[in-house]
Amino acid sequence: MSAQRPTFLLPILGSIAFLCTGTSWAKHSLFPEIGAQGTTALRLGFAAALMLLFWRPWRASIARHDLRSIALYGATLGVMCLSFYLSLRTLPFGVAVAIQFAGPLSVAVWSSRRPLDYGWIALAVLGLGLGLLLPLGHDVNTLNPAGIAYAAFGAIGWASYIVFGKRVGHLPISITAPWAQRWPPWWWCPSAWPMPARPCCRPACC
């Protein structure tokens, strides 16, 4: 068991490192050029294109109720990502993540049944939320209210993303991931790029 632990820890640490590095680069390099909406569209659209290319999910048949669940899964993914990037326009990265962390934390509290679960939740709040991310020792009154609102809305999106992700958990990830990420970028396409919005928002015209 001890020999397997590094195997599980490496992907987690790697994803955290890439998230922090990629988000920091996007905020300082992409935001001035294409904005938060454009960054969201680029992130989800590029990921969807790669997964569609390699997994080709259209070859598998999907039940109608599963299609609805995947659509909701994709919608919450889009809301979560867009709200997060919008909050980063005026909030530090750590503060935005700490606020959004309330989403999965709420799901964990709601779904927990054992006392040990609540112990881990408390440890996550004290260690991650308060110890590393929140701006302790600084004047929180200077935080932008709009940024806080976007981050809070992103927390709702993150919680919903977990709930709807569980509904499609019985399907292969090669089906749910590309289809879920396929649609959100097109919802923001009129405001995604720093140019006049086109009159239509269908994929064919964007």
For the range 56-72, 3J(HN,Hα) per residue [Karplus equation, 6.51 cos²θ - 1.76 cosθ + 1.60, θ = phi - 60°, Hz, x = Gly/Pro]
6, x, 5, 6, 9, 7, 10, 5, 4, 5, 6, 4, 5, 5, 5, 5, 5
Taking only protein heavy atoms and a 1.4 Å probe, the highest-to-lowest accessible-area order of TYR161, TYR150 is TYR150, TYR161
Averaging sequence separations of C-alpha pairs under 8 Å and six or more residues apart, then dividing by the length of the range 24-93, give the relative contact order as a whole percent.
59
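Between SER15 and TRP110, what length in nm is gained on full extension when 0.36 nm per residue of separation is reduced by their alpha carbon distance?
Computed gain between SER15 and TRP110 is 31.6 nm.
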THR7: accessible area at probe 1.4 Å, nearest 10 Å²?
90
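On a 1.4 Å probe surface of the protein chains, which of SER87, SER160 comes out largest in accessible area, and what is the full order? Write out the running numbers ahead of the final one.
Values: SER87 0, SER160 35 Å².
The residues order as SER160, SER87, largest area first.
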Taking 22 Å as R0, compute the FRET efficiency from the Cβ-Cβ separation of TRP58 and ARG167 and round it to 0.05.
0.55
Accessible surface, 1.4 Å probe, highest first, among residues VAL163, VAL107, VAL95
VAL163, VAL107, VAL95
With θ set to phi - 60° and the Karplus curve 6.51 cos²θ - 1.76 cosθ + 1.60, what are the ³J(HN,Hα) couplings of the range 32-38 in order, to the nearest whole Hz, using x for Gly and Pro?
x, 8, 10, x, 5, 5, x
Using a 1.4 angstrom probe on heavy atoms only, work out the carbon and sulfur share of the accessible area of the range 9-121 in %.
71
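The values are calculated or read from the model by the stated rules, or taken from the named source; none is laboratory data. The structure presented is a predicted model; accordingly, all values stated were derived computationally and were not measured. As a convention, Cβ positions derive from the backbone with ideal geometry for all residues, glycine included, and neighbour counts pool all protein chains shown. Ligands, DNA and RNA are stripped out before the accessible areas are found, and what is left, the full protein with its side chains, is counted by its heavy atoms. Shrake-Rupley method; radii C 1.70, N 1.55, O 1.52, S 1.80 Å.
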